[in-house]
Amino acid sequence: MRTDWTRQQVAALYHQPFIDLLLQAQTQHRRFHPANEVQMCRLLSIKTGGCPEDCAYCPQSAHYSAGVEREPLMNCDAILPAARRAKADGATRFCMGAAWRQAPSGREFDSVLETVRAVAALEMEVCCTLGMLTESQARQLKEAGVTAYNHNLDSSPEFYSRIISTRTYQERLDTIAAVRKAGITVCCGGILGMGESEDDRIGLLHQLATLDPHPESVPINMLVRADGTPLEDSPDLDPLIMVRTIACARILMPDSMVRLAAGRKQMSREAILLCFLAGANSIFTGERLLTTPNPAPDEDSGLLRDLGLKAMQQVVHSHERPILEVQK
Ligand code: SAM
Ligand code: DTB
Ligand code: SF4
């Protein structure tokens, strides 16, 4: 697994002719992952809105008025039925998101730990995204059974400061390091369609691919424009940019799960198919992401059926697998 990519190498990869890129990505995909399988993940917003950060894309920021109702932290009894439903619907990963700048301490954090223990007992992957974490909080989450922590770099270091002013890129990297140190797998990716340049997308890919080890999970989000946020009027993103970025992520981080995350509702079936061809092997399913809509479950099951894709039962990374077989 290479972690010493230069930004020039990432740029050269990114600028390849599209078909060469897709062929390389799909070949790499089949070396490391079962072909025609997609992991289904489910999101739940367990604490909604009123966030002190000013992320320009986010409807949950208290700096903007995007019409998201604030909701306090849900308790374990309220969350567990959603996790059970997700499992019954075929999801193998349950991801709980909270609109916090940083995970709190005390009673609220204890409540999250209780929930994590209960979800872990359902034998699903348990992912949390609660904002910045200290090493001690990361350790406690690990002990409670968290398997993954989502914390995105969002864009290149240069573009980041145009999107968020209340938290630095380095703070993001520090949280990722604390998560890694606690032995929790890292889920780290970004958002496309915020007005960033090609060079910014290359910069994001370069940052991700030089994390050592790579994030086990790389979510690539297409901006979901929310009214009331500074990015509400961003122009449409060409979906082929999602495809190109996903293909690069697959080639640079071959063993990682690449998640086609937010934005599928704005994408055609053909564009989504190209993302799968480029090496995406995970989606969020269910009516809702955190606060914004996602394709309806029957639409998704129809798509998977038409593409002959199966729901992945268990994710196995190559370091956990003794023999690697290249699938034809
Ligand atoms: N507050 C925590 C944080 O920022 O790490 C966790 C929740 S936050 C909503 C999780 C991620 O969702 C963000 O890092 C961002 O990449 C993504 N996200 C938020 N709003 C989005 C939007 N409108 N479109 C696409 N992705 C978005
Ligand atoms: C990620 O990269 N995307 C997911 C998950 N990690 C937490 C969240 C997408 C949120 C989209 C906006 C919303 O629904 O509020
Ligand atoms: Fe808060 Fe996370 Fe939204 Fe930023 S992305 S405003 S940190 S909830």
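A short reminder: the numbers here are calculations on the coordinates, not readings from a lab. The shown structure was predicted, so the numbers you read here are calculated from the model rather than taken from an experiment. In this analysis, Cβ positions are derived from the backbone assuming ideal geometry, glycine residues included, and neighbour counts consider all displayed protein chains.
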Taking 41 Å as R0, compute the FRET efficiency from the Cβ-Cβ separation of residue 16 and residue 110 and round it to 0.05. 0.25
Can you figure out the FRET efficiency of residue 143 with residue 30, using R₀ = 45 Å and their beta-carbon distance, to the nearest 0.05? 0.80
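Going by the alpha-carbon gyration tensor, a ≥ b ≥ c the square roots of its eigenvalues, is segment 7-315 rounded (a/c under 1.5) or, if a/c is not under 1.5, prolate (a/b greater than b/c) versus oblate? Spell out each step's value before the answer.
Working: a/c = 1.39, a/b = 1.22, b/c = 1.14.
The shape class here is rounded.
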Whole-Hz ³J(HN,Hα) for each residue in segment 190-201, computed from phi via Karplus 6.51 cos²θ - 1.76 cosθ + 1.60 with θ = phi - 60°, x for glycine and proline: what do you get? x, 10, 10, x, 9, x, 6, 8, 4, 5, 5, 5
The relative contact order of segment 119-173, taking Cα pairs under 8 Å that sit 6 or more residues apart, comes to a percentage of 36 percent
Within the chain, which is the longest segment that contains none of the GluC sites (Glu not before Pro) sitting in a DSSP loop with at most 13 other Cβ atoms within 10 Å? 124-286
How far apart, in nm, are two points set 7 Å out from the Cα along the Cα-to-Cβ line at residue 311 and at residue 71? 2.2 nm
DSSP-defined beta bridges in the chain - what % are antiparallel, rounded to 5: 5 percent
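Given the Cα-Cα distance of residue 78 and residue 198 and 0.36 nm per residue of separation, how much length would full extension add, in nm? Kindly include the intermediate steps, with their values, before the conclusion.
Values: separation 120, 0.36 × 120 = 43.20 nm, distance 4.25 nm.
Fully extending the segment from residue 78 to residue 198 adds 39.0 nm.
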